[in-house]
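Participant: Below is a structure I'd like to ask you about.
Please treat every number below as a calculation from the coordinates, not as lab data. Remember, predicted model here, so these are calculated numbers, not experimental data. For neighbour counting, all protein chains shown are included, and Cβ atoms are generated from backbone atoms with ideal geometry for every residue, glycine included.
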Amino acid sequence: MASVTFPVALGGDGKTYTDDAHPDTGLDGLGYTTRFIPCLRQTVAMAGYTAQYAVKIDAAAANADRAEDASTTAQGHALTAAGYAEQIQAKFAPVIQPGLELDFYKNQYWSLSDEGLQQQTFSTLVPDFSRLSETERDGPFCRREVVPADVPHFSYDPLTGVRRGLLIEPPSTNLLTHSEDFAASPWQKIGLTVDTVGVSHKLVETVTSSQSRLRRDISVTSVSRGVSYSVDVLPDENRRAIAVLVRAITGDDALPGALVQFDLVNDTASLNALDNGDARATIKRRRDGYVRCTVSVILRNYTGVVGTNIYFGPTGGNGNATYIGDGVSGVRVRRASFEPFADPTSTILTGGAQVSRTEDLFSLDVGSLANSESGTLYLSFQPLAILTGRSGFDQTIIALNNGTQNEQVDLRFVTELIAFRVRSGGVNRVSVGKSGVDLSVPVRVALGWSQNAAYLCINGEIYWYDPSLQGARPASLTQLELAQRTGPPVSQMLFRRISIYPVMLPVSDAVALTV
């Protein structure tokens, strides 16, 4: 039987043990060896500790994985936070303010000073405004009123009285005489009589079977583009429609013109252009019940006689309608106007002679408010006259310049285009145009320029942009001018808002301005 002694020097207990199963001296059973041999006991303990630490190491590794995931997540959150920070910074960063803002619609005016953007009044800005003759208009509170000479004409909606903007008008002449006196002999009354009782004249149909109409033939000389015929109408309850015929009649009837059915109940106009005529019709109700009916016809360099007719009947005339009148029904009329190429929102009243209106001139010294090295010009406007059919037409809507056209940024009508131009040193550095713009609603435009770039934005779209333009910078832009007239007038132009920025705005900001 084998026996083993575990020396003290080697960490044993100095005793001898046999390999039998004796409970005190035998080697059988790990418990005894770990009990009586310290080195083995320590080894087993170390193994236990190792197992425990292995579990802890596994846990630490798992924690490390989670920490790595958390670190990645934290990095993502940090990036997100940085993005939010940029957004917050952009939102609360100083906003680029215009050097000058003229809001004619809201009647608010601002200019930039050392103290920031300061509110002004129209009179404190002291624009050089010239109107050499008075005019009549629809004013605030839906009242007709006279605008004196040299007083800006602010336009108001005739039905609601809401302010619409600053109206710049061209020179014009009402080619009619007796625009309020329909009993006067120049007016031809066919199948009707004129009742002069009341604030306006009433066209009363006779009891005969006829075309009940009011006629006037007007001689025109060199109408380069067209004419507009307008009249205010107030019908009796059972006379709720009229027809208006405007047509060139020299030589024969096969000449351009238009026949328009005006529905005075639903305020609609049905236009029938004659012989390839280029025409349009508008109808506008006033608060006092009168309806302004306008027919505009392009005649293109016509010289001769233009016939105008107002037909009326139970359902309105059609140019040839006949019926038996009742002798008492009819329509009241007032403020007749016949102007070359006009769509009048103001009226030129006449007596025994034709009456003319001189053009409006608007200029404003903006001094250093416009930075000539770069800038952005924002404009909201609407032309109120026909712009189709024009030929060789060159009309400046708005310009920033140094008092001459050698250094200038402008927006113009050129033939069929809305054109943007930048001039420096008397040379066109930029000249681009866009056709097909809807002019029946306000147009919003942003023009930007700098030493090496320029853009044109219209109604929320970037139409043209050149980021590598050279020599585009004009010098000393100190003057703002509205509706310069280097060619034939464009008729009434309604300005709603003008903003001048001393820097070229980012394209995205310029697009946002015009939405």
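Participant: When Rg is the radius of gyration of the Cα atoms in the stretch 172-353 and Rh is its Kirkwood radius, what does Rg/Rh come to? Provide the component values of the computation, followed by the final result.
Facilitator: Details: Rg = 15.1 Å, Rh = 16.1 Å.
A ratio of 0.93.
Participant: Could you compute the FRET efficiency for LYS106 and GLU359, with r as their C-beta to C-beta distance and R0 at 22 Å, rounded to 0.05? Can you show the working numbers first?
Facilitator: Details: r = 26 Å, r/R0 = 1.19.
Efficiency for this residue pair is about 0.25.
Participant: So if each residue of separation counts as 0.36 nm, and I subtract the Cα-Cα distance between SER431 and ASN452, what length gain in nm does that give? Spell out each step's value before the answer.
Facilitator: Numbers: separation 21, 0.36 × 21 = 7.56 nm, distance 1.48 nm.
Computed gain between SER431 and ASN452 is 6.1 nm.
Participant: Okay, next question. For ASP360, list long-range residues whose amide hydrogen, built 1.01 Å from N in the peptide plane, is under 5 Å from its own amide hydrogen.
Facilitator: Excluding prolines and chain starts, which carry no amide H, the hits are GLU169.
Participant: Follow-up. Could you work out how much longer the chain between ASP157 and ARG285 gets when fully extended? Use 0.36 nm per residue separation minus the Cα distance between them, nm to one decimal.
Facilitator: Values: separation 128, 0.36 × 128 = 46.08 nm, distance 0.97 nm.
Separation in residues times 0.36 nm, less the Cα-Cα distance, equals 45.1 nm.
Participant: Of the peptides 304-312, 353-361, 122-130, 401-409, how do they stack up when ordered by the mean number of other Cβ atoms within 10 Å, highest first? Please list the in-between numbers first.
Facilitator: Values: 304-312: 22.0, 353-361: 16.7, 122-130: 13.3, 401-409: 18.2.
Descending packing order for the listed peptides: 304-312, 401-409, 353-361, 122-130.
Participant: Here is a follow-up. Please list, ordered by chain and number, the residues whose modelled amide H lies under 5 Å from the amide H of TYR463; skip anything fewer than 5 residues away on the same chain.
Facilitator: Residues meeting the criterion, in which the H sits 1.01 Å from N, are LEU456, CYS457, ILE458.
Participant: Dipole of the stretch 195-241, Cα-centred, from +1 at each Lys and Arg C-beta and -1 at each Asp and Glu C-beta, to the nearest 20 debye?
Facilitator: Working: 7 positive and 6 negative charges, 47 e Å.
Once rounded to the nearest 20, the dipole reads 220 debye.
Participant: Let me ask you something else. For GLU145 and SER468, what is the calculated FRET efficiency with R₀ set at 56 Å and r taken between the beta-carbons, to the nearest 0.05?
Facilitator: Details: r = 53 Å, r/R0 = 0.95.
Efficiency at R0 = 56 Å is approximately 0.60.
Participant: Quick one: Karplus J couplings for the stretch 184-189, per residue in order, coefficients 6.51, -1.76, 1.60, θ = phi - 60°, nearest Hz, x for Gly and Pro?
Facilitator: 5, 5, x, 7, 8, 9
Participant: Note down the magnitude of the dipole of the stretch 172-353 about its Cα centre, charges +1 on Lys and Arg C-beta and -1 on Asp and Glu C-beta and zero elsewhere, to the nearest 20 debye.
Facilitator: 300 debye
Participant: Further, regarding this structure: Residues with amide H under 5 Å of ARG497's amide H, sequence separation 5 or more or different chain, H placed in the peptide plane at 1.01 Å from N; which?
Facilitator: Placed amide hydrogens put PHE104, SER380 under 5 Å from ARG497.
Participant: Would you kindly state how much longer the chain becomes between GLU461 and ASN301 on full extension, computed as 0.36 nm times their sequence separation minus their alpha carbon distance, in nm to one decimal?
Facilitator: Working: separation 160, 0.36 × 160 = 57.60 nm, distance 3.61 nm.
That pair, GLU461 and ASN301, stretches by 54.0 nm at full extension.
Participant: For the stretch 434-446, what does the Karplus curve 6.51 cos²θ - 1.76 cosθ + 1.60, with θ = phi - 60°, yield as ³J(HN,Hα) per residue in whole Hz, taken in order and with x for Gly and Pro?
Facilitator: Each residue's phi maps through the Karplus curve to give 10, 9, x, 6, 6, 9, 7, 10, x, 9, 10, 10, 10 Hz.
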